[in-house]
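Beneath this line is the structure, given in structure tokens, with notes to follow.
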């Protein structure tokens, strides 16, 4: 259930532009259909001068009765500051459901786009670090011996690098971006899962059913993928939600410190920093940001529980309360 | 069942020379398997544990050789070394006339189909995430011998042959009982039509009532396909029924090897005598006085006693036994024994 909910949320956030934007999804004006979400139009087309971007709200207001505009449910852009407000941050009202941040941007929209960024980052880090960790751990554990010995020492050295500070230093040198952050976190995130995979493979490679496969002349690849890996998924499965949660909090921490994605990219960490700055005056920033983070992390814990139960072949067929 | 017709063991043997029919299927000479044991944390010195300390044996086509010994005497290690599941330290293994030690994994593949193994523990020997059908059909997948419906049919006929209902093929191992699981293991071993099956205590983990069923199944299959068995057990009573000849192992060495009848009527080694006296006889009056109780435990294989390994527990040991290692020598009628006194 939690998986469905979080999955739906993530899929919806992938289409965030369709949910919350300051451009209509489609607009018909004088018989011509425009697609403002996916295409840029010159302001001159609509008789707007002295600007480089079309003010779609004004275009919509000026539409005649035969024309129409299809707007997303939330009509605020992610970078858009509401110029009609008297002071920022502004509290929740009918205009901004969750209020605005300290630059007058809609909090709901910022949270939505920030959620997408966090999830994309966490999933990418999960995918890359688990791929590396799984491959190295499997090779080490299966072949053992000298390879395993040197692999272990390498992993130990690698995992004793103070990642967070290294990340800070590297980000200070290179311009920070989502891609660089994903690479950095993946490059240092694989060690834990590699250790667990290695241990699983070491334990399983001498099991009788693996020996039986070897006695049948199965190739190492077949033994690794067909016989050992399906039985060694427990650490992968149990660590997945934690790794994703770690990714979400990790990027939030970096953004909080100002070392993450560059502003004005919407991110939870940036909102957390704002909520600290305006803690006494703007409770809604802290409340909704922390609340959403809590809900997402809690769902990951539920997913963990459900997936682990679903993965036990003995429990198959037995209804799981969380599935 | 015609596709499982017995195959002549010579048919796959390499080399152009004509094979003699009396040639043993498996010939093991001076097989040694030692494991290094690191002493201390920083010491480079290594001690060797000789789990298998130079055993020699042969098995004829269609014959069953029983291999008996206490737990930890190296009999399972010997069995797995013969299949090279454990890489032997030294010695020679000739199968169907060709040396198989030193072969690469790909070269070894053609022999793998001809030598199979049945494990002791029917729970750990089947992959819990594969269906019974996938497990029994795996030899066909690996050897690429059949696919699709044909493979399914061959698996189904194997199921019938080992006494399982083919409609249970789609189930997972945990849905079967111990005896049924062991039958799945037998079907898997049977699938590649081997000439030799190493039975590594295949019934030790089963209930007594199931043990007899499985042993009878193994004997039926042997009669049908003319396979050879190396039947490993820790219990003479189990081996007695199925074996043609029996080898007795003690601490990595074979101490006595002879045909079943001679071993049971005229054992020469004191250890064999002690083992025999432990075989239960269904007559309460007969037993008592013939029971030989051995003193002490089996010595550690890390530090075995010098000379005859059995000398520390042998009721008849003399000075020479503690100094000189007795060699396995042939007495009469192929009866081999390693003892200074007999």
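Since every read-out is calculated from the coordinates, none of them should be taken as a lab result. Small disclaimer: the values here were computed from a predicted structure and weren't measured. A quick note on method: Cβ atoms are made from the backbone with ideal geometry, for glycine too, and the neighbour counts reach across all protein chains shown.
Among the numbered criteria (1) surrounded by 17 or more Cβ atoms within 10 Å (Cβ to Cβ); (2) away from every other protein chain (no Cβ under 11 Å); (3) out of contact with any strand residue (DSSP E or B) (no Cβ under 9 Å at 6 or more places or on another chain); (4) part of a loop (DSSP other than H, G, I, E, B), which one does residue B:73 miss?
It is condition (3) that residue B:73 fails.
Counting only residues that are over 17 Å from the mean Cα position of the chain (by Cα) and in contact (Cβ under 8 Å) with a residue 12 or more places away in the chain, how many does the stretch A:272-285 have? Write out each step before concluding.
Keep residues of the stretch A:272-285 that are over 17 Å from the mean Cα position of the chain (by Cα), which gives A:273-285.
Those still in the list that are in contact (Cβ under 8 Å) with a residue 12 or more places away in the chain too: A:273-275, A:277-278, A:281-282, A:284-285.
The qualifying residues number 9.
Out of the residues in the stretch B:109-122 that are outside any loop (DSSP other than H, G, I, E, B) and farther than 18 Å from residue B:230 by Cβ, which is nearest to the other protein chains (Cβ to nearest Cβ)? Walk me through it before giving the result.
Just the residues of the stretch B:109-122 that are outside any loop (DSSP other than H, G, I, E, B), to begin with: B:109-112, B:115-118.
From what is left, the residues that are farther than 18 Å from residue B:230 by Cβ are B:109-110.
Working: B:109: 4, B:110: 8 Å.
For the stretch B:109-122, the residue satisfying everything is B:109.
Confirm whether residue A:93 is in contact with a helix residue (DSSP H, G or I) (Cβ under 6 Å, 6 or more places away or on another chain) and closer than 30 Å to residue A:279 by Cα. Please lay out each step first, then the result.
Values: in contact with a helix residue (DSSP H, G or I) (Cβ under 6 Å, 6 or more places away or on another chain): no; closer than 30 Å to residue A:279 by Cα: yes.
It is false that residue A:93 is in contact with a helix residue (DSSP H, G or I) (Cβ under 6 Å, 6 or more places away or on another chain) and closer than 30 Å to residue A:279 by Cα.
Per-residue answers, yes or no, for (1) part of a helix (DSSP H, G or I); (2) crowded, with 23+ Cβ neighbours inside 10 Å; (3) touching a strand residue (DSSP E or B) at 6+ places or on another chain (Cβ under 6 Å):
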{"site": "B:171", "(1), (2), (3)": "no, no, no"}
{"site": "B:183", "(1), (2), (3)": "yes, yes, no"}
{"site": "B:198", "(1), (2), (3)": "no, yes, yes"}
{"site": "B:204", "(1), (2), (3)": "no, no, no"}
{"site": "B:216", "(1), (2), (3)": "yes, no, no"}
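Restricting to the stretch B:134-154, what's the tally of residues that are within 14 Å of chain A (Cβ to nearest Cβ) and either assigned to a helix (DSSP H, G or I) or buried (at least 16 other Cβ atoms within 10 Å of the Cβ) (or both)? Walk me through it before giving the result.
Our first condition is that a residue be within 14 Å of chain A (Cβ to nearest Cβ); within the stretch B:134-154, this holds for B:134-145.
This time we only want the ones that are either assigned to a helix (DSSP H, G or I) or buried (at least 16 other Cβ atoms within 10 Å of the Cβ) (or both), so: B:134-143, B:145.
Summing the residues that are within 14 Å of chain A (Cβ to nearest Cβ) and either assigned to a helix (DSSP H, G or I) or buried (at least 16 other Cβ atoms within 10 Å of the Cβ) (or both) in the stretch B:134-154 gives 11.
Could you say which residue among A:256, A:288 is more than 14 Å from every other protein chain (Cβ to nearest Cβ), free of Cβ contacts under 8 Å to residues at least 24 places away in the same chain and either surrounded by fewer than 20 Cβ atoms within 10 Å (Cβ to Cβ) or in a helix (DSSP H, G or I) (or both)?
Values: A:288 fails: free of Cβ contacts under 8 Å to residues at least 24 places away in the same chain.
From the options A:256, A:288, the qualifying one is A:256.
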